[in-house]
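A.B. asks: Input: one structure, supplied below.
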Amino acid sequence: MIWTLETFDDLFRRLDTDLGGMLGRGGTDRSDRGGWPFPRMEVLRTDSEFVIRVELPGVDPDSVDVSLDDTVLRVRAERRVPTTEQGEYLRRELVYGTYERDVVLPSGIEPEKMSARFEDGVLEVRVPHRGARPVKIPVEMGEGTQKALRAAS
């Protein structure tokens with residue numbers, strides 16, 4: 001057998017698919033490399049809003065859809081295969097298709113004040129909230145736990 005670049009590409013593609021199946025994910029999950037269908041995302045919480053940013057390089061802005069169902073924010077987009085190109089691909093690593101991802105937001109958001117902006121391949125969704133912060137609840141220790149803690153110190 002002659003080993004070529006295509007042979008190695010095929011081997012790694014199969015390995016990715018097989019290992020992905022064993023690890024409970026599909027072989028097309030390239031989130032660790034920032035690829036499709038799970039582009040990188042970040043969620044920032046400020047005192048007044050959540051800012052969700054999603055990298056969507058090469059996506060037509062008309063194919064981006066953002067919706068809110070109760071407290072679940074859904075981002076859906078599609079990167080389409082270019083139809084105007086003629087020729088034979090010698091290498092094809094770009095991934096095309098539909099992307100959909102949900103972000104569960106806590107209660108207290110203000111949906112009527114939400115906004116979304118898509119610029120330079122990055123979708124930014126701003127979700128105002130009423131500023132409620134999680135409350136830390138002290139945990140009391142039982143009698144046996146206190147003795148064990150004192151003995152350890």
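A.B. asks: Using the structure shown, decide if Ser115 is of a type outside the set (A, V, I, L, M), touching a residue at least 12 places away in the same chain (Cβ under 8 Å) and exposed (fewer than 12 other Cβ atoms within 10 Å of the Cβ). Quick ask: steps written out before the conclusion?
C.D. replies: On the way: of a type outside the set (A, V, I, L, M): yes; touching a residue at least 12 places away in the same chain (Cβ under 8 Å): no; exposed (fewer than 12 other Cβ atoms within 10 Å of the Cβ): yes.
Answer is no for this residue.
A.B. asks: Can you tell me which of Glu55, Glu42, Glu49 is touching a helix residue (DSSP H, G or I) at 6+ places or on another chain (Cβ under 9 Å) and at pLDDT 85 or above? Write out each step before concluding.
C.D. replies: Numbers: Glu55 fails: touching a helix residue (DSSP H, G or I) at 6+ places or on another chain (Cβ under 9 Å); Glu42 fails: touching a helix residue (DSSP H, G or I) at 6+ places or on another chain (Cβ under 9 Å).
The conditions single out Glu49.
A.B. asks: Just need a number here: residues in the range 103-112 that are under 18 Å from Arg76 (Cβ atoms) and surrounded by 12 or more Cβ atoms within 10 Å (Cβ to Cβ).
C.D. replies: Within the range 103-112, residues that are under 18 Å from Arg76 (Cβ atoms) and surrounded by 12 or more Cβ atoms within 10 Å (Cβ to Cβ) number 3.
A.B. asks: Residue check: is Gly121 at pLDDT below 90 and in contact with an Asp or Glu (Cβ under 8 Å, 6 or more places away or on another chain)? Explain how you work it out, then say what you get.
C.D. replies: Details: at pLDDT below 90: no; in contact with an Asp or Glu (Cβ under 8 Å, 6 or more places away or on another chain): yes.
Here the answer is no, as Gly121 does not meet what is asked.
A.B. asks: Moving on. Of all residues in the range 98-145 being polar (S, T, N, Q) and outside any helix (DSSP H, G or I), which is nearest to the chain's Cα centre (by Cα)?
C.D. replies: At the first step, the residues of the range 98-145 found to be polar (S, T, N, Q) are 98, 107, 115, 145.
With the extra rule that they be outside any helix (DSSP H, G or I), the set shrinks to 98, 107, 115.
Details: Thr98: 13, Ser107: 21, Ser115: 19 Å.
By that ranking, first place goes to Thr98.
A.B. asks: For the range 51-81, how many residues are among the charged types (D, E, K, R) and farther than 19 Å from Leu105 by Cβ?
C.D. replies: Initial filter on the range 51-81 (among the charged types (D, E, K, R)): 53, 55, 60, 62, 65, 69-70, 74, 76, 78-80.
Checking the rest, the ones that are also farther than 19 Å from Leu105 by Cβ come to 55, 60, 62, 78-80.
Residues in the range 51-81 being among the charged types (D, E, K, R) and farther than 19 Å from Leu105 by Cβ: 6 in total.
The values are calculated or read from the model by the stated rules, or taken from the named source; none is laboratory data. On a predicted model such as this, the values are computed, not experimentally measured, just so you know. Please note: Cβ atoms are built from the backbone with ideal geometry, for glycine as well, and neighbour counts cover all protein chains shown.
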